[in-house]
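The values are calculated or read from the model by the stated rules, or taken from the named source; none is laboratory data. It should be emphasised that the depicted structure is a prediction, and the values quoted were computed from it without experimental measurement. Glycine also receives a Cβ, built like all others from the backbone with ideal geometry; neighbour counts cover every protein chain displayed.
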Amino acid sequence: MKIVMACLAFIASASAALAADAGPVVAPGPFAPPPAFPAARANPDPTITPGPFDPPPAYSRVRVYDWTGFYLGINGGAVLGTTNWYSTPDLAGGALKTSSGLIGGTAGYNLQAGDAVVVGAEADMDWTGAAGTIAPTSCAPCSFKSPWFATTRLRLGYAFNNILPYVTGGVAIAEFDANMRGAPAGTAVSNNLGWTVGGGIEVAITEALRAKAEYLYANLNGFSCYGPCGGGPISFNVSTNVVRAGLNYRFWTN
């Protein structure tokens, strides 16, 4: 009986010690950042010195930052566009350079697969002031502007702890508003769907806050201006370069 009581006392003391080591369980709130920087585990036997050719122990390889999670962000930068045009009435064409600032928002989700590969999806929408005017020799000028630009893309990156270089690609869409003086209807609106590719780098500043810099090339296809000239429209084909920086905030995902 004394042996049984001694065993029970030993088990109780061991359980209490384990509970004290584990610490209290804290349930995070819905807006609390995830513990993205776990503490490194100590060597359980500090008296053992590894040899110069020994591999590092598995317990010492701790991921510094985990990129998995949903995030929201803001971004801003510049859009540098090229509009190739052709006027059917004039049998003339050319290229018009347009540039503007942009600002908008981002939403996305990352999944860190394995040790370093990060895959994700991201969508964004930016407001711009891109505009230009085409003035053929014998037809009324056609002015156009693009008030907004948006993308939906996949991302693939390779994480170096809290630094993530990545490539990205997907679809792009932008609105174009055209206005030709003297046209019966006067204005026309086109929501153009195209494609985009690019890349960037993102850096974790804290467990939740990250900064990024990004470049995108987008082909937004064409639209047309119909005026009073006769003989056909003035046709446009728009491509653009987007350079921007932003901040993302990652939310708890468990």
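Observations
- Residue in region 128-141 that is within 20 Å of the chain's Cα centre (by Cα) and modelled with pLDDT of 85 or more present: yes
- Scanning region 110-127 for residues that are modelled with pLDDT of 95 or more and charged (D, E, K, R), we see that the one that is farthest from residue 159 (Cα to Cα) is 126.
- Region 118-140 residues that are closer than 10 Å to residue 90 by Cβ, paired with ones that are aromatic (Phe, Trp, Tyr) (beta carbon under 9 Å, 6 or more apart): 136/85
- Residue 159 being more than 14 Å from residue 212 (Cβ to Cβ) and of a type in the set (A, V, I, L, M, F, W, C): no
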